[in-house]
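The values are calculated or read from the model by the stated rules, or taken from the named source; none is laboratory data. Note that the coordinates shown come from a computational prediction; the quantities given were computed from them, not determined experimentally. Here the Cβ is made from the backbone with ideal geometry for all residues, glycine too, and neighbour counts use every protein chain on show.
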Amino acid sequence: MSTFASPVDAAFKPPTMELLFSTTLTSSTDTVPTGTLPTGYRHLRIMIAAKCDRASNAGCSGGVGARFNGDSSSSYLFMRNRVIANGTAVGPPVTGLTAFDYAPIGGSTGSNTSPAPANPDTYSAMVVEILNHEVSTRHKSWISQITSIGLGNCSYVDSRGGVWQNTAAITSITFIDPQFDMLPGSSFQVYGIR
């Protein structure tokens, strides 16, 4: 039997992922600041599990946003492709390019959304990638994948992407819910990829 041999390259180093920030909420809040993030990384990977205190029957979730370096200007462009499970239909499929005063990176499961009353441990899941966040010669791009489980129209898978129209290196992130509070148990981890 033949085997494959590859040349040894002592300079090759596989990418590593290091935890830069982590918190799990112990009380309700609408903002979670990371403080100043360490430097020397190529990209950021963010993992979030979130639930909000939305108590309205008119909707099923809150939003999770990010502000980079404290910027609250309308310099964040966003678009998404969303699949909603409501028993028989899928929709709405696309949100066009829209300006926001934060990066709308995800959504949180509402506290009143079935199966949440029966299972208070139901949280939405988000993975966010921010590419080349320390490069100071171009705008910062991000992508995210969200899954939220609820009753009917409150269950969805959402793919999002956007651009922060600023060339500054991202040195801090403040996670926000622009309408509601995020509940205890919501967790946020920021990893740096070398």
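Output the qualifying pairs, or none if there are none: Cβ atoms under 7 angstrom, residues six or more apart or on different chains, first residue in the range 39-61 and among the aromatic types (F, W, Y), second residue at pLDDT 70 or above. Matching pairs, first to second residue: Y41/E134; Y41/G192; Y41/I193; Y41/R194.
Yes/no matrix, rows are residues, columns are (1) over 13 Å from A50 (Cα atoms); (2) surrounded by 14 or more Cβ atoms within 10 Å (Cβ to Cβ); (3) modelled with pLDDT of 95 or more:
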position: R82; (1), (2), (3): yes, yes, no
position: A89; (1), (2), (3): yes, no, no
position: G110; (1), (2), (3): no, yes, no
position: A116; (1), (2), (3): no, yes, no
position: G152; (1), (2), (3): yes, no, no
position: A169; (1), (2), (3): yes, yes, yes
position: S187; (1), (2), (3): no, yes, yes
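Can you tell me which residues in the range 38-53 are among the charged types (D, E, K, R) and in a strand (DSSP E or B)? Outline the logic, then answer.
Filtering the range 38-53 down to residues among the charged types (D, E, K, R) leaves 42, 45, 51, 53.
The answer is R45, K51.
Screening the range 10-37 for residues that are hydroxyl-bearing (S, T, Y) and not in a loop (DSSP other than H, G, I, E, B) and picking the one that is farthest from F188 (Cα to Cα) gives T29.
Determine which member of the set A66, A125 is under 13 Å from the mean Cα position of the chain (by Cα), modelled with pLDDT of 95 or more and either under 30 Å from M17 (Cβ atoms) or not in a loop (DSSP other than H, G, I, E, B) (or both).
On the way: A125 fails: modelled with pLDDT of 95 or more.
Just one listed residue meets the conditions, A66.
For beta carbons closer than 6 Å, sequence separation of 6+ or different chains, a first residue in the range 149-172 that is over 12 Å from R82 (Cβ atoms) and assigned to a strand (DSSP E or B) and a second that is modelled with pLDDT of 90 or more and among the charged types (D, E, K, R), the qualifying pairs are W164/K140.
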